[in-house]
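Worksheet: the structure to be examined is printed underneath.
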Amino acid sequence: MARSLEVKSRFSFKDDFSGGFSKMMKKAEGSLSSAETRFGRFGSFMAASEKNFKKVAKSSALIGVGILAPLALATKQAIDFESAMADVAKVANVKLGTSEFEKLGDSAKQLSIDLAVSANDAAELMAGLAQGGVAIQDLDRISQLAGRVGVAFGISAGEAGESFIKTRNALGATIDETETLMDSINLLGNTYAASAPEILKFMSAAGAGISKATNASAEGIAAIGTEFIAIGKSAEESATIMKKFTRE
């Protein structure tokens, strides 16, 4: 009886142990499987995070380049502007760092706004005009005029400024008289089959000098040049024809 009970007890123990152990192992296996799954997910997360980090780092680098590029460009433009203003100062005999030089710089910056060009382009225009003999007190006004002529004629402000000075010098005219001539050239270009730039080229090449030599009005000579251009002659050919007329 006791043996039976003992055996039964052992079997009961074994069964209980076996069942408990089995459950424990299953639980452990489940936990391990869950851990592996979580670890796999964590690994995927880490891989994705690393990928995202690299992407962000690369983007940040690009953003850095994006931020630095305009700064580098602005720095270059500032250096170019200072260089162009130094040319203005040299030709106009103005000392760097003086109030007069600062005033020229302010004029160039305002000119760039008025003409919708870079400050460097405005400074170069002023430098070109100064080299053409424009007095420092007239630089601002003639620069503005050249800019407006350039817009009206569809040419660069620099080209307009050079032509303006050549024409004025050849005529021996005042700024006001040359400005009036520019208005006349614009009107001729809008009225006849000749472009304003070609008429201006004719006047700066020879027309203005012919006007001076013959005591004829600049507007009259410009009108004659316009007629030649309208029939197909270039500005240079028209100038040559007019020169021949005045020599005969």
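Could you tell me whether L139 is out of contact with any Phe, Trp or Tyr (no Cβ under 6 Å at 6 or more places or on another chain) and modelled with pLDDT under 90?
The answer is yes for L139.
Out of curiosity, is T214 touching a residue at least 12 places away in the same chain (Cβ under 8 Å), within 23 Å of M126 (Cβ to Cβ) and of a type in the set (V, I, T)?
No.
For segment 118-136, which residues satisfy the criterion of being closer than 12 Å to F81 by Cα and surrounded by 16 or more Cβ atoms within 10 Å (Cβ to Cβ)?
If the condition is that a residue be closer than 12 Å to F81 by Cα and surrounded by 16 or more Cβ atoms within 10 Å (Cβ to Cβ), then A119, N120, D121, A122, A123, E124, L125, M126, A127 are the ones that fit.
The values are calculated or read from the model by the stated rules, or taken from the named source; none is laboratory data. All values reported here derive from a predicted model rather than from experimental measurement. Note: ideal-geometry Cβ built from the backbone for every residue, glycine included; neighbour counts use all protein chains shown.
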